[in-house]
Amino acid sequence: MKRLIPILKQDKVDTDLILLIRTILAASKEIAFRVSQGELAGILGSTLDENIQGEIQKKLDVVANQLLKDMLLDDDNVAAIASEEEPDVVPGHQHGKYIVAFDPLDGSSNIDVNGQIGTIFTIYPVRPDVPFNCERQFAQPGHQQVCAGYVLYGPSSLLVMSTGGPTRCYTLDLTHGGYLLTRSEMQIPTDSKEFAVNMANYRYWADPVRGYFNQLLSHPNFANSTLRWNAAMVGDIHRVLSRGGMFVYPEDSRVGNENGKIRLLYEANPLAMLVEGAGGIATASGQRILSIHPDSLHQRVPVAMGSASQVAVLNQYLHDRAFDESTTHSTN
Ligand code: AFP
C-alpha cells in the first residue's frame, strides 16, 4: 500500500505544503491517540468555558485545539491560524506562505458517547496584499484552497484529503504510525436514497424547506428514502463520499441560526472541496459554496451537499417555491 508523502510528491504538491500537511497530521495522530484512550486520558466531559459560537467547550475540544495550534505555530510556513475554538486570528510567522483554518473536533456532542468525531482543516496561500496576521487573510473564497481534508476518528482513523485533484482516502496504520492510501479516488454515486438532516429542527424551518422534506418523507417518488444523522458533519460527509446521499443543514428561525449552523471557513469550504473532488455538488441557498466571498471569520452558511442529482432536485424545489412566493406577493 502506498504511503501519503510519495503520493503528494507524485501529485506535484509544493514541498512546503507537504511539510505543513505533515505538521497537521502529526497533531491528528496525537489527537487520535487521546481519543482512543477516552476516559483513561481524563479528557471526556466539558470545561466551564464557552467558545465564540456560545457553545460549552468539551475538554477534548480544548486539547485538540491546543495541540494543533502549538504544532502549527512551530511551523515557519504558517502565517496565521483560525480555529472554531479561537475568537480571533492567531498570528503565525511573518514570512509564512500559508494560512490554516480548522475545526479541531467536529461533532463534539459525540465525544462522551464514543461516537464519530473528526478534525477538519483547510489551507490557503497567504494573501500578499494584506498584513500576514489580519482577519482579511481568511477572506478568500473556497476555490482558492490548496488543500482540504479531515481526519475521522472512528473504528479506524481515516484521512480524507484533496490538494486540488481527486479526493483520496488514507487509513492510519497504528503499527507504524503512518497514513496509507486505501481509496485513491473517491467517487460519490450520482443518486442515493439516503439523506442526512436534523429532522428535529423541522419546527424552525421556513415553509419551502418543510415542503421539500414533507415530500421526501411521503411522496411515492421518494419511496425507500432513508434518514441518517450522526450529529457530526464529518461523519455524515464521510458516508456521503462513500456511498452517496445528501447532507443538509438549512437556515432556521432560532437566534443565531439565520444562516444555519455550519461554519463556512473551516467546515463548509473544506468539505465542499472534498465533495466536488469526488464528483458531488456543494451549495448554499443554491450557490456554489466554493464561490462565496466570506464576510467574517466565523460566518455560517446553509448547506446542501452530496450526490449531484439529489442536491439538484432539492435546490430546484427551493428555487421554484421561492419563485412561487415572489409572484404571489407581487400579484397581491
Ligand atoms: P460542533 O462543531 O459543536 O461539534 O458541531 C457540529 C456541527 O456543526 C456539525 O458537525 C453537525 O452536523 C451539527 O453541528 C449537528 O447539529 P445539531 O445539534 O442540530 O444536531
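Before moving on, here are some points about what is shown:
- The residues on offer are 142, 211, 178, 165, and the sole one that is more than 16 Å from the ligand (Cβ to nearest atom), within 30 Å of residue 324 (Cα to Cα) and either without any contact (Cβ under 8 Å) to a residue 24 or more places away in the chain or open to solvent by less than 50 Å² (accessible area, probe 1.4 Å) (or both) is 211.
- Test for residue 305: is it crowded, with 18+ Cβ neighbours inside 10 Å, farther than 24 Å from residue 210 by Cα and either of a type in the set (Val, Ile, Thr) or in contact with a strand residue (DSSP E or B) (Cβ under 6 Å, 6 or more places away or on another chain) (or both): no
- Inspection of segment 270-283 identifies no residue that is open to solvent by 30 Å² or more (accessible area, probe 1.4 Å) and within 15 Å of residue 120 (Cβ to Cβ).
- Qualifying residue in segment 235-255 (condition: of a type in the set (Val, Ile, Thr) and without any contact (Cβ under 8 Å) to a residue 24 or more places away in the chain): yes
Results for (1) of a type in the set (D, E, K, R); (2) in contact with a Gly (Cβ under 6 Å, 6 or more places away or on another chain); (3) without any contact (Cβ under 8 Å) to a residue 40 or more places away in the chain; (4) in a helix (DSSP H, G or I), shown as yes or no for each residue.
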position: 297; (1), (2), (3), (4): no, no, no, no
position: 304; (1), (2), (3), (4): no, no, no, no
position: 309; (1), (2), (3), (4): no, no, no, yes
position: 316; (1), (2), (3), (4): no, no, yes, yes
position: 324; (1), (2), (3), (4): yes, no, yes, yes
position: 328; (1), (2), (3), (4): no, no, yes, yes
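- Segment 220-234 - residue that is in contact (Cβ under 8 Å) with a residue 24 or more places away in the chain and in a loop (DSSP other than H, G, I, E, B) and, of those, farthest from the ligand (Cβ to nearest atom): 224
- Tally, over segment 53-74, of residues that are at pLDDT 95 or above, charged (D, E, K, R) and either crowded, with 19+ Cβ neighbours inside 10 Å or in contact with a Cys (Cβ under 9 Å, 6 or more places away or on another chain) (or both): 1
The values are calculated or read from the model by the stated rules, or taken from the named source; none is laboratory data. Source: prediction; values computed, not measured. Counting neighbours? That spans all protein chains shown, and the Cβs are built from the backbone with ideal geometry, glycine included. Each accessible area value is taken on the protein alone, full model and side chains, heavy atoms only, with ligands, DNA and RNA left out. Shrake-Rupley method; radii C 1.70, N 1.55, O 1.52, S 1.80 Å.
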